[in-house]
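None of the figures in this text is laboratory data; all of them are computed from the coordinates on show. These figures come from a predicted structure and were not determined experimentally. Every residue, glycine as well, gets a Cβ built from its backbone with ideal geometry; the counts of neighbours run over all protein chains shown.
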Amino acid sequence: MKTPVPDYLQHVLAQCHSNQLGALADYIPELAQADPNKLALALSTVDGTIYSTGDDEVEFTIQSMSKPFAYALAIHHLGLDAVLAKVGVEPSGEAFNQIALDKNNNLPKNPMINSGAITTHSLLPHEPEISRAENLRRFLSELAERELSFDDAVYASEVKTAFRNKSIGYMLRTVGVLNEDPDEIVNGYIQQCAIKVTVKDLAKMASVLANGGVQGSTGKRILSRAVVRQMLSVMMTCGMYDAAGDWLTTVGIPAKSGVAGGIFGALPGQVGIAVFSPKLDEHGNSVRGVEIFERLSRDMGLHVMEGTPSAQTIVQRRYILGTKQNVVVYELRGVLQFTESEMLLRILQDEPIANTCIVLDITNISLIHEVGARMLFEGVDRLIEDGHTVYVIDSEKLLEQKHSHQGHAVVIREELEVFLNKLVQQ
Ligand code: GLN
């Protein structure tokens, strides 16, 4: 059997091929030279499997799609509060290159428009020999799992005509949002925009975001969950500029576009998607890119508001062990977020008050959210208060702590079978 996913992606691409609407970005002369017919699509699952079709080996400049990654790197480097002190998180409802600040506090409204992105660029880590743009290139290369490079021609071409971005830089310097030489920061920002990527690179990067910051193929945590959440939230509300509301209602995937014709999106827990088609609409978003995302979202139910329904099951098996009838084993399965924890605690509530031994096996839990761990231990403490002895079998080391909130050492890092054998022999 061959999986039908590649055929489906090809089919979507073929259907959008004939759409010739839109125009190339021409305010960056080099981008006006792009081949308007190029079309590519890539999808990456959270475990790092990539499907791609069309011109999927063609490199183009990342442009504004670098903005959310620069934002993440700045937060990772300085902490969220330091970044929020310089750039807000409110959608602006204006074009991406609007020369304006938030009237209330003189700060850029969000990191996805140019004023916010130029400011964010200034917050990136840098040393005398390693520029901010170079640090971002290294970070993106790690996410893409290959060495990315700069497009010097696009960079030179944009620098020559960057009158608007220079105005924004000088405005930021005037109000004290930037403290450095605005020319240097704007040039660095333009270089950040000139990093070359393919749709496969972007889909890989996006899948790390969809996977909560962990790279599926290597198992490495690259960003914290909190940074990813911040980044995706800003992409959802501001990523498509003044088309953000349209995008949220029709596509519903946190996403970011760039003027070279790329769009990437990351749906938490599910997929990373990237498209490339150079002709843009009036908002500066790829025309065929938007069409492809709309189709994928509709056909595959990828809208964030569809939510992921809880599996509605957490206890896979409950059984009583031994002849003394005093060991009750719960084998749990699924994810442990608020809904499932609530369900589990409701079930445990029915355990009669007694001195039974309760064994909770979490080996087959695929993900424990912070709230899941908190509620689990809260339940454990309450069971102990009721007179039970409790063990949590965590052979996969999913829990960071070994003690409950009340300090009971309940976590056992052993296989269930091994532990139960010892228990019955006691
Ligand atoms: N480098 C471009 C600019 O600053 C990026 C804009 C974009 O992709 N929307 O104008």
Built amide H within the under 5 Å cut-off of residue 260, gap 5+: 64
For segment 17-57, the fraction of alpha-carbon pairs in successive 10 Å shells from zero, as %: 24, 37, 28, 12
FRET efficiency, residue 78 to residue 403 (Cβ-Cβ, R0 41 Å, nearest 0.05): 0.80
Average Cα contact separation per residue, segment 148-200, under 8 Å, 6 or more apart, as relative contact order %: 54 percent
Projected area, mean over directions - segment 202-284, Cα convex hull, nm²: 5.3 nm²
Value of Rg to Rh for the chain (Rh from inverse mean 1/r over Cα pairs, i.e. Kirkwood): 1.07
Calculated SAXS-style log₁₀ I(q)/I(0) at q = 0.20, 0.21, 0.28 Å⁻¹ - segment 91-133, Debye, Cα scatterers: -0.62, -0.66, -0.92
Approximate spin-label separation residue 15-residue 282, in nm, with each point projected 7 Å along Cα-to-Cβ: 2.7 nm
Listed residue pairs exceeding 20 Å between alpha carbons, taken from 38/160; 2/256; 220/256; 196/256; 67/220; 86/166: 38/160; 2/256; 220/256; 67/220
Angstrom value of the Kirkwood radius, inverse mean 1/r, which spans all Cα pairs in segment 65-110: 11.4 Å
Rounded D (µm²/s) - segment 231-363, Kirkwood Rh over Cα pairs, Stokes-Einstein at 10 °C, 1.306 mPa s: 88 µm²/s
Alpha-carbon centroid distance for the pair segment 60-95 / segment 212-256, whole angstrom: 12 Å
Efficiency of FRET from Cβ geometry, residue 127 and residue 224, R₀ 30 Å, rounded to 0.05: 0.85
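Based on other C-beta atoms within 10 Å, arrange 193, 238, 16 from fewest to most. Could the numbers behind the result be given before it?
On the way: 193 29, 238 26, 16 20.
So the ranking, lowest neighbour count to highest, is 16, 238, 193.
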For segment 82-184, convex hull of alpha carbons as volume per residue, Å³: 126 Å³
Tilt relative to the chain, helix 5-16 - C-alpha long axis, 0 to 90 degrees, to 10: 30 degrees
Pair residue 317, residue 421: separation of 7 Å Cα→Cβ label points (nm): 1.6 nm
Antiparallel bridge percentage (DSSP; both residues within the chain; nearest 5): 65 percent
Whole-angstrom gap from segment 96-145 to segment 172-195, using each part's C-alpha centre: 8 Å
Rounded to 5, the percent of DSSP beta bridges in segment 318-426 classed as antiparallel: 25 percent
Per-residue ³J(HN,Hα) for segment 241-256, Karplus 6.51 cos²θ - 1.76 cosθ + 1.60, θ = phi - 60°, Hz, x for Gly and Pro: 6, 7, 10, 4, x, 4, 5, 4, 6, 8, 9, x, 10, x, 8, 9
For segment 241-311: rounded, prolate or oblate by the Cα gyration tensor [a/c cutoff 1.5]: prolate
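Can you give the Rg/Rh ratio of segment 1-83, where Rg is from the C-alpha atoms and Rh is the Kirkwood radius?
On the way: Rg = 17.5 Å, Rh = 16.1 Å.
Taking Rh as the inverse mean 1/r over Cα pairs, Rg/Rh reads 1.09.
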Structure-based [θ]222 nm, the chain - -39500 (n - 2.57) summed over DSSP H runs of at least 4, per residue, nearest 500: -12000 deg cm²/dmol
Stokes-Einstein D for segment 354-426, Kirkwood Rh over Cα pairs, 25 °C, 0.890 mPa s (µm²/s): 196 µm²/s
